[in-house]
Amino acid sequence: MRSKFIKDLKEEQKVSQFLDNNYYNDKNKFDDRFTFERIFSMQLQYKGVDLIITDNKSKKKYYIDEKAQLHYKNKSLPTFAFELSYIKEQTIKEGWLFDTSKITNKYFIITAIQEKKNQILSCRLISIDREKLILFLQEKQLYREKLLEYEQDFRLNKRYNKQFIQELNTNEGFLYFTNHLAEQPINIVLYLNFLIRKKIGKELFSNNLQIK
């Protein structure tokens, strides 16, 4: 477990460096209105902040949590899993989506990561507005309490893998209970292009460089 954690941390750092070099610090993509600050403080990272973007005109700050699909490199998944709950030390913990200790404004979803010879060549970056996402779920009657009912039922009755629920159309998303991981997370899995169409998400960067 420790070696896997270290490996994932190194992969996250590699993705961050790629984005810093090819997106955040590229003056051809941004004017001086925005300033990007990579966060190394563990205190802020525990609060769900990997990056702070400052609008120099309005002085508004955006707290960004980067979420990279590290285990699906050289693939382009249509969905992303937002964590509802997981198990740690035999106790069910709140996932990061509804965790009130997180100050995240936006999730930066890094998907379709293309890599060759241990070097990242391209990726797709999608910004998801956390507040808009939660409001959308509430409009679907998926309040935290309702989702908690589903989670308790899944865990009690061992309803593993993909679970469709009446509140979500099949082209919008589903719930997923993973049992092969020690944390046994339950996630709400949503289609990224659907979130973009609903203006909950926005595609920021897509380098469609093909691997040869």
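Each value in this text was obtained by applying a stated rule to the coordinates, not by laboratory testing. Quick caveat, the model's predicted, so the values are computed rather than measured. When we count neighbours, we look across all protein chains shown, and the Cβ atoms used for this are built from the backbone with ideal geometry, even at glycine.
What order do you get for Ile52, Ile200 when you list them from fewest to most C-beta neighbours inside 10 Å?
Ile52, Ile200
List the residues, sorted by chain then number, that are 5 or more residues from Lys93 or on another chain and whose placed amide H is less than 5 Å from its amide H.
Excluding prolines and chain starts, which carry no amide H, the hits are Tyr86, Ile87, Lys88.
Between Thr170 and Asp32, what is 0.36 nm times their sequence separation minus the Cα-Cα distance? Round to one decimal in nm.
Extra length from Thr170 to Asp32 when fully extended: 45.5 nm.
Please list 71-83, 156-168 highest first by mean number of surrounding beta-carbon atoms within 10 Å per residue.
Working: 71-83: 15.2, 156-168: 12.2.
Highest-to-lowest ranking by the protection proxy: 71-83, 156-168.
Can you list the GluC sites (Glu not before Pro) in the range 84-144 that are in a DSSP coil and have 15 or fewer other beta carbons within 10 angstrom?
Values: sites: Glu89, Glu94, Glu115, Glu131, Glu139; in loops: Glu89.
When the GluC sites (Glu not before Pro) of the range 84-144 are filtered for loop state and at most 15 Cβ neighbours within 10 Å, Glu89 remain.
What ranking do 40-50, 184-194 get when scored by the average of other Cβ atoms within 10 Å per residue, highest first?
Most protected by this proxy first, the peptides run 184-194, 40-50.
Would you mind getting me the FRET efficiency between Arg159 and Lys199? Use the beta-carbon distance for r and R0 = 30 Å, nearest 0.05.
With a Förster radius of 30 Å, E is 0.40.
Label Gln43 and Asp20 with points 7 Å out from Cα along Cα→Cβ: what is the distance between them in nm?
Distance between label points: 2.1 nm.
Write down the radius of gyration of the chain and its Dmax, each obtained from C-alpha positions, in Å.
For the chain, the Cα radius of gyration and maximum Cα-Cα distance read 17.6, 54 Å.
Please arrange Ile64, Ile87 by counting, for each residue, the other beta carbons lying within 10 Å of its beta carbon, fewest first.
Lowest count first: Ile87, Ile64.
Can you run phi through the Karplus equation (6.51, -1.76, 1.60; θ = phi - 60°) for the range 137-143 and list ³J(HN,Hα) in whole Hz, with x for Gly and Pro?
Residue by residue, the range 137-143 yields 4, 5, 4, 8, 6, 9, 6 Hz.
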